[in-house]
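Before we start, here is the structure in question, set down as structure tokens.
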Amino acid sequence: MQSIDVNEALGKKLMIVSLRRFSVAKREELYIRGLLPGKMLQLVQISPMGDPLIIRVDQQKFAMNCDTWAQLDLEEIPTC
Amino acid sequence: MLNNKTVGIIGNPNVGKTYLFNRMTACVGCVGNWAGVTATTCESRTCGEDQYRLLDLPGCYHLAEGREIQATEGQQEVASYLSKRDVDLWLNVLDVTNLQQQLYLTIQLLEAGKRVICVINRIDLLPKVQKEIDITELGKLLQVPIVKVSAKLGMGMRDLEAVIKSELTNPTLDGREYPVQYHQAIEQLLDKETHHGLTRWQAWQKIIQADNQPVAPAWHFNQQIAELRNTTGTLTDVMALTRTEFIENCCQRTIKEKGISRDDRDKILDRWFLHPWLGLPIFFVMMFTVFWLSMGCGQLLQGILEPLLKLITVELPTFICKLYRLPVVVEIVLVHGIGISLVTALSFFPVLQVMFFSLYLLEESGYMTRAAIVMDRIMRQLDLPGESMVALVLGLGCNVPGILATRHIPKKNDKIVTALMMPFMSCGARLTIFAVFASVFFPRQAASVLFSLYVLGISIAFLTGLIARFCGLTQRQTSDNYLLEIPGYQWPSWSMGVKQAYQRTQRFVWRALGVIVPICITLALCNHISYTGELLIQPADNSILAWLGKSLSILFYPIGLQAEHWPLVVSLLMGLLAKEVVLTTLNVFYSQMNTNITLASSANELLMDCLTEIGTNISQGYSYFIPSLHADLPAWASYLNPEHINADAVMSYLIFTLLYFPCVSTLYATARQTSWRWAGISVLWSTGIAYLCAAGYLVLKGYVTNSVIELLILLGALGVSYYIKEQIKKRVTEKLNKAEGVTSP
């Protein structure tokens, strides 16, 4: 599974497939904050210096590093 | 009856645990604490008839299960309390605005077999966040008593007391089922372990530990568990996922969000604040506004407050001492010690008040998080978070609020490094010194001198950050450390802001007084006692301080000051108190004028003088809002002319003033935010670097080039600093290796 390029992903709705590439401790933390496999994730904005990224899961917005982004396994959801 | 019972308060960071603690123990005495930084556990007895022990634990998001080594300090402390059995009841404080994340800790507590009361705090915010919580339903789902309170406003405290009492006297827990049901195979595994006498919590710990071992436990070959592991990873994932799914389900059933979402407005605001091109300029404009407002309004208020303070604490006591012919020592201690220190510390009040208020507005409105995001990339060059840039920029106004603003920085080490960088951000008080000297010695290049001094200060600050990174004090902010929640924008509550700013300022000023008063008294005595032991009515050149200045001028020879410049040396010493004092000291010595002991004939006259001063300050108030480089030259400035002292020496004196130990208030703030040890290191580091830079400037300028001694001193200092750096590096690597050594098996 590959991560999706930031510029391509901007504004699109994506699905979190898995968080396998994170350490166990980090995975637990991500689950607690609501980033669960199967959830929808949207890359809302890219901040001034290109990093961090602003994402949204459910109603909550997060700022996330490009490194973290690169470790996420995401899947694009085709818009109907 | 409840005397031997203990109740612990637990919850995520910054949910108002300490507020609740203070509210419940109010009769016994409030344990003052900065919001969100309960570093260690506080303990006290509650008020009322039935007293019991109450513990305030540091906040933690969740407990590290089966991975004790990786646990943070807070987690370790909480875990140690959980494993001890002497806590009878836990109050799990939950913040109403973000329940979903916090319930994880609740689940962990319940699985650990603890008796828990969920305390939903900040219910006064419910209408604001447009939510409704069905607590009876939530209580049923979690099988715990739930109480809604607002610790800040004191709502619901009686209900809470009643529930605590009934829980302590007749517990309802025994025989309760655990709320979260795991996969069948895992439940079987857990049952097997609990049959051996372990609690569900301990069983989980054991399973997770076994799961992470390189040698696979027997149950890895159970078909169902192997399947689970295949799909989700480890059993920790299965556990966490089951819990979070349960929590989500709970929240969906009990929390109703009503009203319109503010997405559209947030989107527009974020588009500007996080704009690819305008984000940075907007950040600097915002920071400059805070800076300008707090300096302007603060100084305007200071103009009113300071003459009044002076009247009460300096002039009136002087008048009374003279009137009743009290001994000179009394006058010195009362006026020059206590009086001056009160004026120094309390004159910070308005500036801090306005600064805290503006910070509160930025924080509550939600801009602070955006600012941290905007600056994150730049500060990551130094491995520091974006918040430290906010603090550093504020430090340009006055170092004290800058250092106090480091409380927004989540990691302790980052906080320390930012505090170490802070003294090099040139504050407003230093600007006045530079302005006076620059307009006397470099009238034509005053602006460029000022500018280069600022740039020097900022570059040394960044150098400090780089060295800290090099020494391993700040760790690379890896992806693992950065997932920041972005709150929605909201209107801040003005009255709350004023109240909070007042409380923070008051706390700081009162505590700072404890440090400043003794130092001031010592300096005042040194200034008024001659080295032969006689009392001096006025500071003269045979006082201990002057003598000290003359003797110390040898030390300052490398930075261009000679014995005849001892007033400059003394002014540097007095500058330890506050940089504002530097010019006052020079005033006293150079003009040999009797400055603050102009004896008025009557109390009336004193009052009139004070009122006139306030009047002038108010009428000139607008000037505080207009930054200008041209300082009004004081009368004594003519004594400081190029005939008396070399311009290069003045420049190096200015460099030294810029970089050395900022002032006692900053020292106190640093100690408060970090520790006295780091405050000491900050003093040594800033003074050392100041000495090096000032001397280095002169050497470069060729002023004392043939002096081999200084070069040797310089080389020696460099050697020592290199040695210290190596030592620190060695220790840090040792520590890291040790930590790795423990984790790897």
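The values are calculated or read from the model by the stated rules, or taken from the named source; none is laboratory data. Here the structure is a predicted model, which is why all the values come from computation and not from measurement. Please note: Cβ atoms are built from the backbone with ideal geometry, for glycine as well, and neighbour counts cover all protein chains shown.
Is there a residue in the range B:257-271 that is touching a residue at least 12 places away in the same chain (Cβ under 8 Å) and of a type in the set (S, T, N, Q)?
Within the range B:257-271, not a single residue is touching a residue at least 12 places away in the same chain (Cβ under 8 Å) and of a type in the set (S, T, N, Q).
Right, here's the next one. Quickly run through the range B:661-680 and pick out the residues that are under 22 Å from B:HIS408 (Cβ atoms) and either over 17 Å from the mean Cα position of the chain (by Cα) or outside any helix (DSSP H, G or I) (or both).
B:PRO662, B:THR674, B:SER675
On to the next question. Note down all Cβ pairs under 7 Å where the first residue falls in the range A:62-79 and is facing another protein chain (nearest Cβ under 10 Å), the second is of a type in the set (D, E, K, R) and not in a strand (DSSP E or B), and they're at least six residues apart or on different chains.
Listed pairs, sorted by first residue: A:ASN65/A:ASP51; A:CYS66/A:ASP51; A:GLN71/A:ARG21.
Next question, about the same structure. Please verify whether the range B:259-278 includes one or more residues that are in contact with a strand residue (DSSP E or B) (Cβ under 9 Å, 6 or more places away or on another chain), among the acidic types (Asp, Glu), more than 18 Å from B:VAL180 (Cβ to Cβ) and not in a helix (DSSP H, G or I).
no
Same structure, new question: Answer yes if at least one residue in the range B:400-410 is surrounded by fewer than 24 Cβ atoms within 10 Å (Cβ to Cβ), polar (S, T, N, Q) and away from chain A (no Cβ under 14 Å), and no otherwise.
no
Determine which single condition B:GLU49 fails, assuming it passes every other condition in (1) part of a loop (DSSP other than H, G, I, E, B); (2) modelled with pLDDT of 80 or more; (3) surrounded by fewer than 16 Cβ atoms within 10 Å (Cβ to Cβ); (4) not polar (S, T, N, Q).
(2) is the only condition that B:GLU49 fails.
How many residues does the range A:18-28 hold that are within 8 Å of another protein chain (Cβ to nearest Cβ) and surrounded by fewer than 18 Cβ atoms within 10 Å (Cβ to Cβ)?
Of the residues in the range A:18-28, 3 are within 8 Å of another protein chain (Cβ to nearest Cβ) and surrounded by fewer than 18 Cβ atoms within 10 Å (Cβ to Cβ).
Only one of A:MET64, A:MET15, A:MET40 is buried (at least 18 other Cβ atoms within 10 Å of the Cβ), at pLDDT 85 or above and within 13 Å of the chain's Cα centre (by Cα). Can you tell me which? Lay out the reasoning, then the answer.
Working: A:MET15 fails: buried (at least 18 other Cβ atoms within 10 Å of the Cβ); A:MET40 fails: buried (at least 18 other Cβ atoms within 10 Å of the Cβ).
Matching residue, one of A:MET64, A:MET15, A:MET40: A:MET64.
Is it true that some residue in the range B:383-390 is in a helix (DSSP H, G or I), within 14 Å of another protein chain (Cβ to nearest Cβ) and among the aliphatic types (A, V, I, L, M)? If you could, list the steps in order and put the result at the bottom.
Filtering the range B:383-390 down to residues in a helix (DSSP H, G or I) leaves B:386-390.
Right, trim to within 14 Å of another protein chain (Cβ to nearest Cβ) and you get B:386-387, B:389.
This time we only want the ones that are among the aliphatic types (A, V, I, L, M), so: B:389.
Yes, that holds for at least one residue.
If only one of B:LEU109, B:LEU126, B:LEU141 is at pLDDT 85 or above, farther than 18 Å from B:ASP56 by Cα and either more than 27 Å from the chain's Cα centre (by Cα) or surrounded by fewer than 16 Cβ atoms within 10 Å (Cβ to Cβ) (or both), which one is it? Steps first, answer last, please.
Values: B:LEU109 fails: farther than 18 Å from B:ASP56 by Cα; B:LEU126 fails: at pLDDT 85 or above.
So the residue among B:LEU109, B:LEU126, B:LEU141 that is at pLDDT 85 or above, farther than 18 Å from B:ASP56 by Cα and either more than 27 Å from the chain's Cα centre (by Cα) or surrounded by fewer than 16 Cβ atoms within 10 Å (Cβ to Cβ) (or both) is B:LEU141.
Tell me, please, whether a residue that is polar (S, T, N, Q), more than 19 Å from B:LYS114 (Cα to Cα) and at pLDDT 80 or above can be found in the range B:193-205.
Of all residues in the range B:193-205, those polar (S, T, N, Q) come to B:194, B:199, B:202, B:205.
Subsequent filtering for residues that are more than 19 Å from B:LYS114 (Cα to Cα) retains none.
Taking every residue of the range B:193-205 in turn, none turns out to be polar (S, T, N, Q), more than 19 Å from B:LYS114 (Cα to Cα) and at pLDDT 80 or above.
Further, regarding this structure: Filtering the range B:561-587 down to residues that are under 23 Å from B:ALA429 (Cα atoms) and in a loop (DSSP other than H, G, I, E, B), which residue is farthest from the chain's Cα centre (by Cα)?
First, the residues of the range B:561-587 that are under 23 Å from B:ALA429 (Cα atoms): B:561, B:565-587.
Applying the additional criterion that residues be in a loop (DSSP other than H, G, I, E, B) yields B:561, B:575-579.
Numbers: B:LEU561: 36, B:GLY575: 23, B:LEU576: 21, B:LEU577: 21, B:ALA578: 20, B:LYS579: 21 Å.
Looking at residues that are under 23 Å from B:ALA429 (Cα atoms) and in a loop (DSSP other than H, G, I, E, B), I get B:LEU561.
Any chance you could count how many residues in the range B:500-522 are within 17 Å of B:VAL354 (Cβ to Cβ) and not aromatic (Phe, Trp, Tyr)?
We begin by selecting, within the range B:500-522, every residue within 17 Å of B:VAL354 (Cβ to Cβ); these are B:500-509.
Then drop every residue that is not not aromatic (Phe, Trp, Tyr), which leaves B:500-501, B:503-507, B:509.
The number of residues fulfilling the criteria is 8.
Report yes if some residue within the range B:19-41 is at pLDDT below 80, in a strand (DSSP E or B) and under 26 Å from B:ALA405 (Cβ atoms); otherwise report no.
Within the range B:19-41, not a single residue is at pLDDT below 80, in a strand (DSSP E or B) and under 26 Å from B:ALA405 (Cβ atoms).
Now for a different question. Contact list please: Cβ distance under 7 Å, first residue in the range A:32-52 and closer than 18 Å to A:VAL17 by Cβ, second residue in a helix (DSSP H, G or I) and at pLDDT 85 or above, pairs at least six apart or on different chains.
Taking only residues 6 or more apart or on different chains, the pairs are A:LEU36/B:LEU241; A:LEU36/B:THR244.
Can you find, within the range B:432-480, the residue that is modelled with the lowest pLDDT among those that are within 14 Å of chain A (Cβ to nearest Cβ) and more than 15 Å from B:LEU382 (Cα to Cα)?
Looking at residues that are within 14 Å of chain A (Cβ to nearest Cβ) and more than 15 Å from B:LEU382 (Cα to Cα), I get B:SER479.
Just checking, does the range B:355-369 include any residue being touching a Lys or Arg at 6+ places or on another chain (Cβ under 8 Å) and either surrounded by fewer than 23 Cβ atoms within 10 Å (Cβ to Cβ) or within 24 Å of B:GLY296 (Cβ to Cβ) (or both)?
Within the range B:355-369, the subset touching a Lys or Arg at 6+ places or on another chain (Cβ under 8 Å) is B:356.
Then keep just the ones that are either surrounded by fewer than 23 Cβ atoms within 10 Å (Cβ to Cβ) or within 24 Å of B:GLY296 (Cβ to Cβ) (or both); that gives B:356.
Yes; the residues of the range B:355-369 include at least one that is touching a Lys or Arg at 6+ places or on another chain (Cβ under 8 Å) and either surrounded by fewer than 23 Cβ atoms within 10 Å (Cβ to Cβ) or within 24 Å of B:GLY296 (Cβ to Cβ) (or both).
Here's the yes/no breakdown for (1) more than 12 Å from chain A (Cβ to nearest Cβ); (2) in contact with an Asp or Glu (Cβ under 9 Å, 6 or more places away or on another chain); (3) at pLDDT below 75:
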{"residue": "B:GLN75", "(1), (2), (3)": "no, yes, yes"}
{"residue": "B:VAL78", "(1), (2), (3)": "yes, no, no"}
{"residue": "B:SER83", "(1), (2), (3)": "yes, no, no"}
{"residue": "B:ASP86", "(1), (2), (3)": "yes, no, no"}
{"residue": "B:LEU89", "(1), (2), (3)": "yes, yes, no"}
{"residue": "B:LEU94", "(1), (2), (3)": "yes, no, no"}
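Criterion first (without any contact (Cβ under 8 Å) to a residue 12 or more places away in the chain and either assigned to a loop (DSSP other than H, G, I, E, B) or under 18 Å from the mean Cα position of the chain (by Cα) (or both)) does B:PRO443 satisfy it?
Numbers: without any contact (Cβ under 8 Å) to a residue 12 or more places away in the chain: yes; either assigned to a loop (DSSP other than H, G, I, E, B) or under 18 Å from the mean Cα position of the chain (by Cα) (or both): yes.
So B:PRO443 passes the test.
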